[in-house]
Amino acid sequence: MSITPPRDKSRLGTRTRLVHAGRDPSQQHGFVNTPIYRGSTVLYESYDAIQNRRSEYTYGTAGTPTIRSLEAAWTELAGAAGTVLTPSGLAAVTVGLLSCLKAGDHLLVTDSAYRPTRVFCDGFLARFGVETTYYDPTIGAGIAALMRGNTAAVLTEAPGSQSFEMQDIPAIAQAAHARGACVLMDNTWATPLLFPPHERGVDIAIEAGTKYLSGGSDLLLGLTSANAKYWPALRRTFDQLSMCAGAEDVFLALRGLRTLPLRLREHGEQALALARWFQGRPEVARVLHPALPEDPGHAIWSRDFLGSSGLFSIILEPCPEAAVAAMLDGLELFGMGFSWGGFESLVIPFDCAPYRSANAWAPGGPGLRFQVGLEDLDDLTRDLEAGFDRLRAAS
Ligand SMILES: *Cc1c(COP(=O)(O)O)cnc(C)c1O
């Protein structure tokens, strides 16, 4: 048994590759994992070495062996040319956007984007002379009509945050590339395991590692990967911002990476089962989950995605706000809180209407977004049944 990584990875499956990715025990005294390297200063061997930066590691912000481990592993998983690690998922979005935009540029952003991404575009980017237009998430090749001479980038996210519209990423990428624009995608929901972003035409892909890579609601991390064309700009922008991730968070993410396929499969199966259960409930008007055949985005999902994860939404039949409050307040197994991707189930009420600008959000009833954890499904449905009893009693 060798303590060096497998030599030929080309024939290995994804799970095997994830077990070995970014890891070389022969460089760690035989220990299985790359440990947590903490540090700012890196010592150089000589005058010549420090004058000419002749060293694999130069300074803490530029990377440590722990950081290189995860960068390399994610680059391999995403099929990218390179990856940078940021202290949060939102920072991964912002470093991606900043690496392909300059003052005077125009940016197209899906109306279904993660809301803090919009806040960055409308605030920070506007202040630095970048104009953002929001587009209908289901626009597909029609994006061409919105492109201007100065459109430098198109940001996609599929499925949409909270609202779960699917996007035709290959069609959008083709139209954007024809005009020389960069295509970014927030791929947090699928991860590269369920949607290989660069293979599908995405130039810069974003993952909030805070979610499934952690799997434990115990860290904050972002990963931004790029194809060969955009990798130099991404790395340069990252270095200029020096917005580096914390050593412990990166270590925990590496730990999460090894079990990611198993956890994601379980989250996905549980969520789909719960989505079907909701379809049979009279209190539920609509279930927003692209893996359901009834979903308007199902055809695109079947064509482009390799599976579904643990997050989806439902639209309740019209009912008073107090009834929704009664349902949620009494839940024992579903926590109410932002973020997702951990082992525990969560629910949040949501309403996209106040901020959508390309197409109106009027689903006809209150929206709830569910993150389905690793609990026993029967326990979750019993908790929700009691919740629906309270909802009806308060209606
Ligand atoms: C959570 C999330 C982010 C941001 O991640 P943080 O680490 O919380 O900043 C970005 N995009 C999507 C789709 C998310 O769900």
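Inside segment 85-99, can you point out the residues that are more than 15 Å from the ligand (Cβ to nearest atom) and surrounded by fewer than 22 Cβ atoms within 10 Å (Cβ to Cβ)? First the steps, then the outcome.
Filtering segment 85-99 for residues more than 15 Å from the ligand (Cβ to nearest atom) gives 98-99.
Of everything in segment 85-99, just one residue is more than 15 Å from the ligand (Cβ to nearest atom) and surrounded by fewer than 22 Cβ atoms within 10 Å (Cβ to Cβ), namely Leu98.
Residues Pro170, Pro192: which one is surrounded by 21 or more Cβ atoms within 10 Å (Cβ to Cβ) and either among the hydrophobic types (A, V, I, L, M, F, W, C) or under 28 Å from Arg15 (Cβ atoms) (or both)?
Pro192
Output the number of the condition that Phe128 fails; it satisfies all remaining conditions of (1) in contact with a Leu (Cβ under 9 Å, 6 or more places away or on another chain); (2) surrounded by 14 or more Cβ atoms within 10 Å (Cβ to Cβ); (3) aromatic (Phe, Trp, Tyr).
(2)
Counting only residues that are out of contact with any Phe, Trp or Tyr (no Cβ under 8 Å at 6 or more places or on another chain) and within 16 Å of the ligand (Cβ to nearest atom), which one in segment 51-84 is farthest from Gly201 (Cα to Cα)?
Of everything passing the filter in segment 51-84, Leu70 is farthest from Gly201 (Cα to Cα).
For segment 327-341, give me each residue that is within 16 Å of the ligand (Cβ to nearest atom) and assigned to a loop (DSSP other than H, G, I, E, B).
Gly337, Phe338, Ser339, Trp340, Gly341
Can you tell me which condition Leu264 does not meet? The list is (1) over 30 Å from Ile315 (Cβ atoms); (2) buried (at least 20 other Cβ atoms within 10 Å of the Cβ), and all the others hold.
So the condition that Leu264 fails would be (1).
Go over the candidates Phe278, Phe312, Phe305 one by one and state the one that is more than 16 Å from the ligand (Cβ to nearest atom), crowded, with 21+ Cβ neighbours inside 10 Å and aromatic (Phe, Trp, Tyr).
On inspection, the qualifying residue turns out to be Phe278.
If I go through segment 78-101 residue by residue, how many of them are touching a strand residue (DSSP E or B) at 6+ places or on another chain (Cβ under 9 Å) and part of a helix (DSSP H, G or I)?
Qualifying residue count, segment 78-101: 10.
Give me a count of the residues in segment 102-125 that are assigned to a loop (DSSP other than H, G, I, E, B) and more than 19 Å from Gly209 (Cβ to Cβ).
Qualifying residue count for the region: 6.
Taking segment 197-216, which residues are farther than 16 Å from Leu257 by Cβ and part of a loop (DSSP other than H, G, I, E, B)?
Pro197, Gly201, Val202, Asp203
Give the residues of segment 329-357 that are touching a residue at least 60 places away in the same chain (Cβ under 8 Å) and either crowded, with 16+ Cβ neighbours inside 10 Å or in contact with a Leu (Cβ under 9 Å, 6 or more places away or on another chain) (or both), sorted by residue number.
Ser339, Trp340, Gly341, Gly342, Phe343, Glu344, Phe350, Cys352, Arg356
Name the residues in segment 181-216 that are of a type in the set (Lys, Arg) and either away from the ligand (no atom under 12 Å from the Cβ) or under 18 Å from Ile300 (Cβ atoms) (or both), would you?
Residue satisfying the conditions is Arg200 alone.
Just checking, which of Asp186, Asp239, Asp203, Asp168 is touching an Asp or Glu at 6+ places or on another chain (Cβ under 6 Å) and charged (D, E, K, R)?
Asp186
Filter segment 217-237 for residues that are more than 16 Å from the ligand (Cβ to nearest atom) and not in a loop (DSSP other than H, G, I, E, B); which is surrounded by the fewest Cβ atoms within 10 Å (Cβ to Cβ)?
Among them, the one singled out is Arg236.
Quick note: the coordinates plus some simple rules give every number you see, no bench work behind them. In this text, all values refer to a predicted model and were calculated from it rather than measured experimentally. Methodologically, a virtual Cβ is constructed for each residue, glycine included, from the backbone with ideal geometry; neighbour enumeration extends over all protein chains shown.
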